[in-house]
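Read the structure below first, then the notes.
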Amino acid sequence: MSQPEITDKLNAHLARHDPMTEECHAVYLMVEVRKFLDRFGDRGEKEFGLIRFYCNWMLHTSKHSDRNNMAPILTRIYEDICAELQGGSEIRGRTPVVGFVGMEDLRKILARFFKAHHINPTLVEKDVSWRAFVLHMAGILADQPLEKPTDEIAQLVFYPAGNGRIRGSILFAKEIEGANKKIHREYAFGAP
């Protein structure tokens, strides 16, 4: 299948399923995007590596070979969490954790990918469309924790939270001594 054919399939799918109402809509999108990326070979890895990572995460239970695409983001997340735990107060504003939970980094890169390849941008432009997609993604990823994505993180997992919310936890490879000498083995994020 050629890139123009995949583009046509993606555009038809996105037009038909806006907002997405089932997990299979999100899976199909990521399968087709992955096919498109495979046509790039190594040319698209730098610019669209994060997209490939999410495609692989959704479609494969073992993601050891794709660690390089996610390690920089998870390292920043780990550093922010350490600062928060050691400082004793929450970090305010847009942080890597916030961007990761809401998949905002993925949204930005998908927007560039869609624009570059003339794919309908509604998914990344409309908040209601994006939230529906993220919720379905989180539902799929809840069954597929990341094992040892960095040297500092032993596991990252999403949990179903209900009511359109996302939550998860990060299990540290080594304990972190936080404020008041409190020991932390895990960091929970998202909705309670």
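The values are calculated or read from the model by the stated rules, or taken from the named source; none is laboratory data. Bear in mind the structure is a predicted one, so any value in this text is a computation, not a measurement. Ideal geometry is used to build each Cβ from the backbone, glycine not excepted, and the neighbour counts take in all protein chains shown.
Inside region 93-147, residues that are among the polar types (S, T, N, Q) and assigned to a helix (DSSP H, G or I) make up a count of 2.
Here is a yes/no grid of residues against (1) in contact with a Pro (Cβ under 9 Å, 6 or more places away or on another chain); (2) farther than 30 Å from Asp127 by Cβ; (3) part of a strand (DSSP E or B); (4) at pLDDT 90 or above:
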{"site": "Pro149", "(1), (2), (3), (4)": "no, no, no, no"}
{"site": "Ala154", "(1), (2), (3), (4)": "no, yes, yes, yes"}
{"site": "Tyr159", "(1), (2), (3), (4)": "no, no, yes, no"}
{"site": "Gly162", "(1), (2), (3), (4)": "no, no, no, no"}
{"site": "Arg167", "(1), (2), (3), (4)": "yes, no, yes, no"}
{"site": "Ile170", "(1), (2), (3), (4)": "no, no, yes, yes"}
{"site": "Lys174", "(1), (2), (3), (4)": "no, yes, yes, yes"}
{"site": "Arg185", "(1), (2), (3), (4)": "no, yes, yes, yes"}
{"site": "Phe189", "(1), (2), (3), (4)": "no, no, yes, no"}
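In summary, Thr61 fulfils each of the numbered conditions (1) modelled with pLDDT of 90 or more; (2) outside any helix (DSSP H, G or I) with the single exception of condition (1).
Within the bounds of region 127-143, is there any residue that is surrounded by 19 or more Cβ atoms within 10 Å (Cβ to Cβ), touching a Lys or Arg at 6+ places or on another chain (Cβ under 7 Å) and more than 21 Å from Thr75 (Cβ to Cβ)? The answer is yes, given that some residue of region 127-143 is surrounded by 19 or more Cβ atoms within 10 Å (Cβ to Cβ), touching a Lys or Arg at 6+ places or on another chain (Cβ under 7 Å) and more than 21 Å from Thr75 (Cβ to Cβ).
What's the total number of residues in region 124-154 that are more than 30 Å from Glu175 (Cα to Cα) and charged (D, E, K, R)? Qualifying residue count, region 124-154: 4. Does Leu29 count as modelled with pLDDT of 90 or more, part of a helix (DSSP H, G or I) and surrounded by 19 or more Cβ atoms within 10 Å (Cβ to Cβ)? Judged against the criteria, Leu29 is a match.
Among the residues of region 145-192, those that are closer than 17 Å to Glu84 by Cβ, hydrophobic (A, V, I, L, M, F, W, C) and touching a strand residue (DSSP E or B) at 6+ places or on another chain (Cβ under 7 Å) comprise Ile153, Leu156, Ile170, Leu171, Phe172, Ile176, Ile183, Ala188, Phe189. Among the candidates Ala179, Ala188, the residue that is in contact with a Lys or Arg (Cβ under 9 Å, 6 or more places away or on another chain) and loosely packed, with under 13 Cβ neighbours inside 10 Å is uniquely Ala188. The set of residues from region 159-177 being over 16 Å from Pro96 (Cβ atoms) and touching a Gly at 6+ places or on another chain (Cβ under 7 Å) comprises Tyr159, Pro160, Ala161, Arg165, Arg167.
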